[in-house]
Amino acid sequence: MDRTYPSDLTDAQWKRVMPIFDRFRFDKHDPRRMLDAIFYVVKTGSQWRMLPSDYPPWQTVYYHFRKWRRLNLLQRLCDRIRRAARVAEGRSPSPSAAVIDTQSVNTERQAGPARGRDPSKHVTGRKRHVIVDTLGFLLAVVVHPANEHDGQQAPTVLQQLLGKVPRLQMIFADSGYEGLPSGLVWRCFEWLFSIVESDDDRSGFAPIPKRWVVERTFGWFGGYRRLIRDYERLPEMSEAMVRVAMIRLMIRRVT
């Protein structure tokens, strides 16, 4: 199939994701074209109603986007592509270490009630609370109001990893998680939790060991216009957009 837009999947990339959709019936519209349309939205920042006419109707695309999120299909697809991307990089499919951090972003006025002000970042909106592996690939994401403390929401994010990363042993974090007892993490999840401090004596910019990979992931988000702000009304839809962006990014490492 010819690619209409640069964000569309190639034939080789579609073969990677096609098995996920085999259990669903599509009477009229091609699931590949609907997935291409979702990639178009997250890459360009387009409104759903302004999808180009050579994609399926925007109502159909949006309906399936919500349905796939509700059925955890996007999460399963993200996990599948991440494992393949790690193997392509010469790594084990399951990481042994991960990094947790948050990114505060502004929301649009029409965003729902799940928003707040992060005084340290001067941002009124939401936090994207993510865990990535040491390559920067997404393991978990939770979106919550920006005024909620990182350590308070960390257990919710950590729970997403249960049963998904059998080799995981260590999670690195910054000082924002000092209120989260490392012993509690070990008792609940059997993972070591390490706070990596920045070196205040260094002059100029210097990447912080272990933690720089998650900052690079946040930088990757900037390449997807839908993620520059939080345009979604519901936090769970924001999480789905983050997963879609990471699927698109990681699948390019595989094919």
Within region 1-45, of all residues that are assigned to a loop (DSSP other than H, G, I, E, B) and touching a residue at least 60 places away in the same chain (Cβ under 8 Å), the one nearest to residue 68 (Cα to Cα) is 9
Could you list all residues from region 87-101 that are among the charged types (D, E, K, R) and either surrounded by fewer than 20 Cβ atoms within 10 Å (Cβ to Cβ) or within 21 Å of residue 190 (Cβ to Cβ) (or both)? 89, 91
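Checking the condition of a type in the set (Asp, Glu) and more than 22 Å from residue 227 (Cβ to Cβ), which residue from 8, 22 passes?
22
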Would you mind stating whether residue 62 is of a type outside the set (S, T, N, Q) and assigned to a loop (DSSP other than H, G, I, E, B)? no
For region 12-41, the count of residues that are within 21 Å of residue 52 (Cα to Cα) and out of contact with any Asp or Glu (no Cβ under 6 Å at 6 or more places or on another chain) equals 15
Run down 135, 139, 162 and say which single residue is without any contact (Cβ under 8 Å) to a residue 40 or more places away in the chain and out of contact with any His (no Cβ under 6 Å at 6 or more places or on another chain). 162
Being surrounded by fewer than 23 Cβ atoms within 10 Å (Cβ to Cβ), in contact (Cβ under 8 Å) with a residue 40 or more places away in the chain, closer than 23 Å to residue 31 by Cβ and out of contact with any His (no Cβ under 7 Å at 6 or more places or on another chain): is that true of residue 84 here? yes
Kindly indicate whether any position in region 127-145 is under 16 Å from residue 215 (Cβ atoms), surrounded by fewer than 17 Cβ atoms within 10 Å (Cβ to Cβ), among the basic types (Lys, Arg) and touching a strand residue (DSSP E or B) at 6+ places or on another chain (Cβ under 8 Å). no
Considering residues that are closer than 23 Å to residue 72 by Cβ and assigned to a loop (DSSP other than H, G, I, E, B), the number found within region 137-159 is 1
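Conditions tested, residue by residue: (1) within 20 Å of residue 79 (Cα to Cα); (2) at pLDDT below 95; (3) surrounded by 19 or more Cβ atoms within 10 Å (Cβ to Cβ); (4) not assigned by TED's automatic domain parsing to the domain that holds residue 99.
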{"site": "188", "(1), (2), (3), (4)": "no, yes, no, no"}
{"site": "193", "(1), (2), (3), (4)": "no, yes, yes, no"}
{"site": "223", "(1), (2), (3), (4)": "no, no, no, no"}
{"site": "233", "(1), (2), (3), (4)": "no, yes, no, no"}
{"site": "237", "(1), (2), (3), (4)": "yes, no, no, no"}
{"site": "240", "(1), (2), (3), (4)": "yes, no, yes, no"}
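Is it true that residue 16 is more than 18 Å from the chain's Cα centre (by Cα) and assigned by TED's automatic domain parsing to the domain that holds residue 137? Even if it seems obvious, please write down each step before you answer.
Numbers: more than 18 Å from the chain's Cα centre (by Cα): yes; assigned by TED's automatic domain parsing to the domain that holds residue 137: no.
Criteria not met by residue 16.
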Residue check: is residue 128 at pLDDT 90 or above and either closer than 30 Å to residue 84 by Cβ or of a type in the set (Asp, Glu) (or both)? yes
For residue 183, which of the numbered conditions (1) part of a helix (DSSP H, G or I); (2) among the small types (Gly, Ala, Ser); (3) at pLDDT 95 or above fails to hold? (3)
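The values are calculated or read from the model by the stated rules, or taken from the named source; none is laboratory data. Since we're looking at a predicted model, the values are computed, not measured. Note that each Cβ is placed from the backbone with ideal geometry, even for glycine, and that neighbours are counted across all protein chains shown.
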